[in-house]
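The values are calculated or read from the model by the stated rules, or taken from the named source; none is laboratory data. Everything numeric here is computed off the predicted structure, so don't read it as measured data. A quick note on method: Cβ atoms are made from the backbone with ideal geometry, for glycine too, and the neighbour counts reach across all protein chains shown.
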């Protein structure tokens, strides 16, 4: 087990941010230097500066899906733009696979974006005079791939996002959800290692948005990309994320798993986000299970650690004995006590006799 922990500790992050700041305004650098890193957004604002990102430090590993969320003006999109270097950070260090992004030449940066990064934004930005297939093939042709190779790859992406039969449609002939699928397919055509998505579903109707979230989760289960996903929708963040970074006034208030953010909010601001969340709909069984005690007599019922509580709550609460929790290999990894489930879901307000 110790060797496994060592491997985890020595694993290089795909994205690493160290004390990243982005301050807008003529006096930004001077103000930041004089503040010695202790940035007060109000003081900076009074001096004519706007704090976009304030001392952001975190790491994202291969295959992780980090959702950055916050209200309008919280700095979430600015942070993403700094990490993709669409905007230059005022201070701090950003590394992509160990490479210093800020020190990178324009030529190397363009190469990195073309070969390693995929980007999807709120506006679909499709070329109206090109078909679905041509839109998807476009970045490949820009990269220098042959027309045949580009079209073949684009057709693979059409199948991946389930748009077969519409490859020769123009954007105006597609629904909003279908247009967003084209945008996603186009960003994946270059086979990026890192995928940046900035409010990709926020312009869609609720039903289409839910469908696109389902599609996104399906794609990630197949592709296992390293993803930074920006949203202002907390429920979307809970549904999609491996980890969530909640931002306010440029500061990351808490970066944690969805379960820990809901169960253990680090600040009052984060707590307000979580207070109306229906816990049974977002928390997994592993969030409420206890360590296995070999002396306990267990029920015959077994539940998966990855099951959402809502889907098994009725069965679990109907058991007199504790319930075994199993992993994907059917190994018992914990135990579920109905008193603990009730306490987590209802804050201890209810009891079972």
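Okay, residues lined up against (1) surrounded by 15 or more Cβ atoms within 10 Å (Cβ to Cβ); (2) under 29 Å from the mean Cα position of the chain (by Cα); (3) without any contact (Cβ under 8 Å) to a residue 60 or more places away in the chain:
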{"site": "117", "(1), (2), (3)": "yes, yes, no"}
{"site": "123", "(1), (2), (3)": "no, yes, no"}
{"site": "131", "(1), (2), (3)": "yes, no, yes"}
{"site": "140", "(1), (2), (3)": "yes, yes, yes"}
{"site": "143", "(1), (2), (3)": "no, yes, yes"}
{"site": "146", "(1), (2), (3)": "no, no, yes"}
{"site": "158", "(1), (2), (3)": "yes, yes, yes"}
{"site": "168", "(1), (2), (3)": "no, no, yes"}
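Can you tell me which residues in region 69-88 are touching a helix residue (DSSP H, G or I) at 6+ places or on another chain (Cβ under 7 Å) and either farther than 21 Å from residue 31 by Cβ or at pLDDT 95 or above (or both)?
Matches in region 69-88: 69, 70, 85.
Report, by residue number, each residue of region 187-205 that is touching a helix residue (DSSP H, G or I) at 6+ places or on another chain (Cβ under 8 Å) and free of Cβ contacts under 8 Å to residues at least 40 places away in the same chain.
201, 204, 205
Looking only at region 172-186, which residues are in contact with a helix residue (DSSP H, G or I) (Cβ under 8 Å, 6 or more places away or on another chain) and either outside the structural domain of residue 121 (by TED's automatic domain parsing) or surrounded by fewer than 19 Cβ atoms within 10 Å (Cβ to Cβ) (or both)? Steps first, answer last, please.
First, pick out the residues of region 172-186 that are in contact with a helix residue (DSSP H, G or I) (Cβ under 8 Å, 6 or more places away or on another chain): 174-177, 179-182, 184-186.
Residues satisfying the conditions are 174, 175, 176, 177.
Give the residue, chosen from 172, 209, that is farther than 28 Å from residue 110 by Cβ and at pLDDT 90 or above.
Among 172, 209, only 172 is farther than 28 Å from residue 110 by Cβ and at pLDDT 90 or above.
Among the residues of region 317-332, count how many are surrounded by fewer than 16 Cβ atoms within 10 Å (Cβ to Cβ) and either within 17 Å of residue 279 (Cβ to Cβ) or within 30 Å of the chain's Cα centre (by Cα) (or both).
7
Among (1) out of contact with any helix residue (DSSP H, G or I) (no Cβ under 9 Å at 6 or more places or on another chain); (2) in the same structural domain as residue 193 (by TED's automatic domain parsing); (3) surrounded by fewer than 18 Cβ atoms within 10 Å (Cβ to Cβ), where does residue 112 come up short?
Here residue 112 meets the rest and fails (3).
Do you know which residues across region 213-235 are out of contact with any strand residue (DSSP E or B) (no Cβ under 7 Å at 6 or more places or on another chain) and surrounded by fewer than 21 Cβ atoms within 10 Å (Cβ to Cβ)?
213, 214, 215, 217, 218, 219, 221, 222, 223, 224, 233, 235
Which one of these is part of a helix (DSSP H, G or I) and loosely packed, with under 13 Cβ neighbours inside 10 Å: 280, 314, 297?
Details: 280 fails: loosely packed, with under 13 Cβ neighbours inside 10 Å; 297 fails: part of a helix (DSSP H, G or I).
Of 280, 314, 297, the one residue that is part of a helix (DSSP H, G or I) and loosely packed, with under 13 Cβ neighbours inside 10 Å is 314.
Among the residues of region 239-251, are any surrounded by 15 or more Cβ atoms within 10 Å (Cβ to Cβ) and modelled with pLDDT under 90?
Residues of region 239-251 that are surrounded by 15 or more Cβ atoms within 10 Å (Cβ to Cβ), as a first pass: 239-251.
Pick out the ones that are also modelled with pLDDT under 90 and you get 239.
Looking for residues that are surrounded by 15 or more Cβ atoms within 10 Å (Cβ to Cβ) and modelled with pLDDT under 90, one finds at least one in region 239-251, hence yes.
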